[in-house]
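Written out below as structure tokens is the structure these notes cover.
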Amino acid sequence: MHGPTPFSRRAFAGLTALTLLGALTACTGGDQVRVVLTEDAPASTVLPGEDPASTALALSATLFESSEVVVLATDATLADLAPLAARVGLPLLVGVGDAVTEELERLGADAILTLDGTVPEGLEGDLDVLELDLSASDVELPELRRENHPVPVLLSVDPSAPSPAQEVAHALVTAAGGTVAEMPDGDVGRSGGSIAALRETVGDDPAAGALGLGASFGAADDWVDRLQHALTTPELPGGGITALPGRRMIAAYGSPGVPSLGILGEQGLAETITRVQELTAEYDGLGEEPLVPALEIIATVADSDAGGDGDYSRELPAEPLREWVDAAGEAGVYVVLDLQPGTTDFLTQARRYEDLLTAPHVGLALDSEWRLAPGQKHLAQIGSVDAAEINEVSTWLADLTAEHGLPQKVLILHQFTHSMIRDRQDVDTSRPELAITLHADGHGVPGDKRGTYRALQRDLPEGILMAWKNFYDEDTPMFTPEETFAVEPRPWFVSYQ
């Protein structure tokens, strides 16, 4: 630039696309427009994203050392000029004022590029102002002489909650040669693709190069810690570290070697895995999320015999289940261990399988139908559990997950009548380590099943997702995959019994 107060409009108004290149060359005094980007990746942080002008200033200062030409937009012209800046590879600023003037000076700009008829008033001095008429024809892009290009930077945006500054941020990062990735709900670990994009940009050190835009991505002060967690946590079947809603699961339910308890026990281990994979394939094309096969294994089986411990529950040894857990993991199949505790509390039984639950792909299900009070027996009444006991389990499971650096775990609550979970409004859904899912176990004719599903959603605590069960024998008829996914809301976990 030519001085501390440098602005005047030279005779470049009404540039057509074909004259843009020549005008830029005349302004810069060379055959190419020189753009110098920052040598190092910017420090990782979360940008507020509420104001396009301030976001543009922050990213310009972060990504560009200097530029002989700068694109200058107003609120009215931003939609047209942002894509142009991204394609050309020039910095983009929005509006006028002292901060914009200072940034133009820092960049060493000789010219600004605006749209015809939208040149901001008050820019007086000797800075060349190029007014472009985009309606003339396709833009002939100037040739840039770029240094330090590309900048290793990843901008993460939330497509479900686009921030006002998303357009300008996208343009500036693209102009700098960076990558823009969509991460729904600001969840970096939602998918394998989001983690791969992060790793490709930052390697193993997320301290630099990763920017989040908007409130969805949380506080800036723990952003790097959350990125590190995403990079170092084992991924789930289907990719990513967020169990739900990162994928939808289709499960075979039952207990090994016991055909009467569900389809899981109707064949051997290898055949069961093949069966649930084929079952999952029937849902291909019915939704947007990845589909992951799952096994819901009844680890403690409700029993009419009190047994040696008097709890009316037959606990399977953990070691034989290890073979199923390991084989499922190798095949990309998720596992849920189902508890039918009788008169024992859920936490006591869950602790029996702690070692299995430290596997990244193993979650837990609490089947309250089979939770008995002292003196009760199975099938004489429907069992029940209170929220306090559920919260004891969820706290323990969440702590276990955090302690072992595991991905989010599925915690299923089985229910088909409101009385099965007492004080349900008090169920704690605050732990991000868990994806809590309410499994609607109603069976019968379609109208009854849909009615149960709707009824269980009334006053459902925020943060609990819905799941569905199809019965081969008790449903008349059993829902097809298309009918199952047409249920509102679409279930995140579907089991077959």
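The values are calculated or read from the model by the stated rules, or taken from the named source; none is laboratory data. Predicted, not measured: the structure shown is a model, and the values here were computed from it. Neighbour counts are summed over all protein chains in view; Cβ atoms, including those assigned to glycine, are modelled from backbone coordinates with ideal geometry.
Quick notes
- Condition met for Leu347 (in the same structural domain as Ala373 (by TED's automatic domain parsing) and touching a residue at least 60 places away in the same chain (Cβ under 8 Å)): no
- Enumerated strands (runs of 3 or more DSSP E) restricted to segment 216-316, each holding at least 2 residues that are of a type in the set (A, V, I, L, M): 248-254, 291-302
- Total residues in segment 297-310, condition farther than 22 Å from Gln497 by Cβ and in contact (Cβ under 8 Å) with a residue 40 or more places away in the chain: 0
- Filtering Ala43, Ala26 for residues that are at pLDDT 95 or above and among the aliphatic types (A, V, I, L, M) leaves a single hit, Ala43.
- Only one entry in Leu130, Leu90, Leu84 is assigned by TED's automatic domain parsing to the domain that holds Arg146, at pLDDT 90 or above and in contact with a strand residue (DSSP E or B) (Cβ under 6 Å, 6 or more places away or on another chain), namely Leu90.
- Residue in segment 345-364 that is in a loop (DSSP other than H, G, I, E, B), at pLDDT 95 or above and of a type in the set (D, E, K, R) present: yes
- Residue within segment 33-55 that is in a helix (DSSP H, G or I), closer than 24 Å to Gly212 by Cα and among the small types (Gly, Ala, Ser) present: yes
- Every pair of residues 6+ apart whose Cβ atoms lie under 8 Å, when the first sits in segment 227-247 and is closer than 16 Å to Met183 by Cβ while the second is acidic (Asp, Glu) and assigned to a loop (DSSP other than H, G, I, E, B): Leu231/Asp204; Ile241/Glu235; Thr242/Asp187; Pro245/Glu289; Gly246/Asp187; Gly246/Glu289; Arg247/Glu289
- Under the condition of being crowded, with 20+ Cβ neighbours inside 10 Å and farther than 23 Å from Pro293 by Cβ, the residues counted in segment 456-497 number 1.
- Scanning segment 365-380 for residues that are in a strand (DSSP E or B), of a type in the set (A, V, I, L, M) and out of contact with any helix residue (DSSP H, G or I) (no Cβ under 7 Å at 6 or more places or on another chain) turns up just one, Ala365.
- Ala388 vs. criteria part of a helix (DSSP H, G or I), of a type in the set (A, V, I, L, M, F, W, C), within 27 Å of the chain's Cα centre (by Cα) and surrounded by fewer than 20 Cβ atoms within 10 Å (Cβ to Cβ): no
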